[in-house]
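The values are calculated or read from the model by the stated rules, or taken from the named source; none is laboratory data. Computed from a predicted model, the values in this text were never measured in an experiment. Here the Cβ is made from the backbone with ideal geometry for all residues, glycine too, and neighbour counts use every protein chain on show.
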């Protein structure tokens, strides 16, 4: 432990070359099992660095599975203010996220997609190193972040990977320069280790979509899978999926990929695939996902939405019981927040700008935080681009 801690601090202080980061990733990757697959359909996945309201994985996995590829998505739980894909899916009654490796691969082969937690046999070196980074103040180190993310993703036995690297007030990387460095590093590692890899740098200065929470985000994901839902969630999902479809040579251009993917969303095929995956993992997509009582948050004054302190909304969900304060906490899947305004929107005093899904005594505290989180001022504001850069 002492030597590994010293190593982590040395990397934090001195950095790593691309070759060194590749070597570290390779060692971590092969510290445990690497999934192998029968020949046939390409093996692909997506990874997001995390953000508030980021439910893209729930939509993207079944959407890609409609394109004759296999998506073995190993996901995680909530980390800090960002919600976890597994926590969201567990709001579906009966849904299992603790699949064995055999179950995981069988469902992926049969359905085309699967979303589950990691087994102890995959990348044990990362679990050990991450625990040490957590207590030695070396978590925010781009080479170590790169090796951690890429070793876990490449252990899935991938042919292609797309990365969603977020920046802004609701992301781990707060500025564009750091997000670019992380994206470039991960793309370089993926390509050095023979996995076709690309990245999109995307905005997280306001929540993705309207819903934040667990059951609330599943409901919004289903809206998108059925051809509706918020425009930004749909746009980002299609852009990331198009990168994957292009990477495995199924189409000749991103434009062609986008059109094919839109057809699969709008026809309902992607939702049907999602329902198949949920059923294969023990859940029932038609079962009631109970939501807490609704109350509204009114704009305290008229003006233009200048900014949204996005990370604060994630911490508010945790305070409401929708996330964990300590490991082992039980999650209330029924609580959530719906943000009704976007940066640059004009609002009038008294106009609803958010909805809270929570019991009244919980909603009262959340209401005060949300009113402070959404900054209303004078003068127009130009929101940032949802997709800032593409890195290949």
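Observations, loosely collected:
- Tallying residues that are under 30 Å from residue 288 (Cα atoms) and not in a helix (DSSP H, G or I) within region 208-262 yields 12.
- Residue match in region 205-213 (condition: in contact with a strand residue (DSSP E or B) (Cβ under 8 Å, 6 or more places away or on another chain) and at positive phi): yes
- Residues in region 314-331 that are free of Cβ contacts under 8 Å to residues at least 60 places away in the same chain and crowded, with 21+ Cβ neighbours inside 10 Å: 316, 320.
- Selection count where residues are without any contact (Cβ under 8 Å) to a residue 40 or more places away in the chain and either within 15 Å of the chain's Cα centre (by Cα) or not assigned by TED's automatic domain parsing to the domain that holds residue 237 (or both), scope region 180-201: 0
- Among (1) in contact (Cβ under 8 Å) with a residue 40 or more places away in the chain; (2) surrounded by fewer than 16 Cβ atoms within 10 Å (Cβ to Cβ); (3) on the phi < 0 side of the Ramachandran plot - the single one residue 359 does not satisfy: (2)
- Some residue of region 340-348 being over 22 Å from residue 220 (Cα atoms) and in a strand (DSSP E or B): yes
- Yes/no for residue 337 being closer than 25 Å to residue 50 by Cβ, part of a strand (DSSP E or B) and in contact (Cβ under 8 Å) with a residue 60 or more places away in the chain: yes
- Matching residues, region 223-233, being surrounded by 15 or more Cβ atoms within 10 Å (Cβ to Cβ) and without any contact (Cβ under 8 Å) to a residue 40 or more places away in the chain: 223, 229, 230
- In region 235-252, the condition of being modelled with pLDDT of 95 or more, crowded, with 17+ Cβ neighbours inside 10 Å and closer than 30 Å to residue 376 by Cα is met by at least one residue.
- Per the listing 289, 269, 301, 342, the residue uniquely in contact with a helix residue (DSSP H, G or I) (Cβ under 6 Å, 6 or more places away or on another chain) and surrounded by fewer than 18 Cβ atoms within 10 Å (Cβ to Cβ) is 289.
- In region 74-87, of all residues being in contact with a strand residue (DSSP E or B) (Cβ under 8 Å, 6 or more places away or on another chain) and in contact (Cβ under 8 Å) with a residue 60 or more places away in the chain, the one that is nearest to residue 314 (Cα to Cα) corresponds to 83.
- Hits in region 19-45 (condition: within 13 Å of residue 190 (Cβ to Cβ) and in a helix (DSSP H, G or I)): 21, 22, 25, 26, 29
- Looking across region 1-18, the residues that are exposed (fewer than 14 other Cβ atoms within 10 Å of the Cβ) and either in the same structural domain as residue 69 (by TED's automatic domain parsing) or without any contact (Cβ under 8 Å) to a residue 12 or more places away in the chain (or both) come down to 2, 3, 6, 10, 13, 14, 17.
- Identity of the residue in region 355-382, touching a helix residue (DSSP H, G or I) at 6+ places or on another chain (Cβ under 6 Å) and part of a helix (DSSP H, G or I), that ends up farthest from residue 343 (Cα to Cα): 362
- If the condition is being in a loop (DSSP other than H, G, I, E, B) and within 18 Å of residue 216 (Cβ to Cβ), then region 311-329 contributes 321, 322, 323, 324.
- Applying the criterion of at least 2 residues that are modelled with pLDDT of 95 or more, farther than 23 Å from residue 311 by Cβ and out of contact with any helix residue (DSSP H, G or I) (no Cβ under 7 Å at 6 or more places or on another chain) to the helices (runs of 4 or more DSSP H) found wholly in region 58-144 leaves 101-111.
- Looking only at region 93-112, and only at residues there that are under 13 Å from residue 74 (Cβ atoms), out of contact with any strand residue (DSSP E or B) (no Cβ under 6 Å at 6 or more places or on another chain) and in contact (Cβ under 8 Å) with a residue 60 or more places away in the chain, the one that is surrounded by the fewest Cβ atoms within 10 Å (Cβ to Cβ): 101
- Test for residue 267: is it under 20 Å from residue 42 (Cα atoms) and more than 22 Å from the chain's Cα centre (by Cα): no
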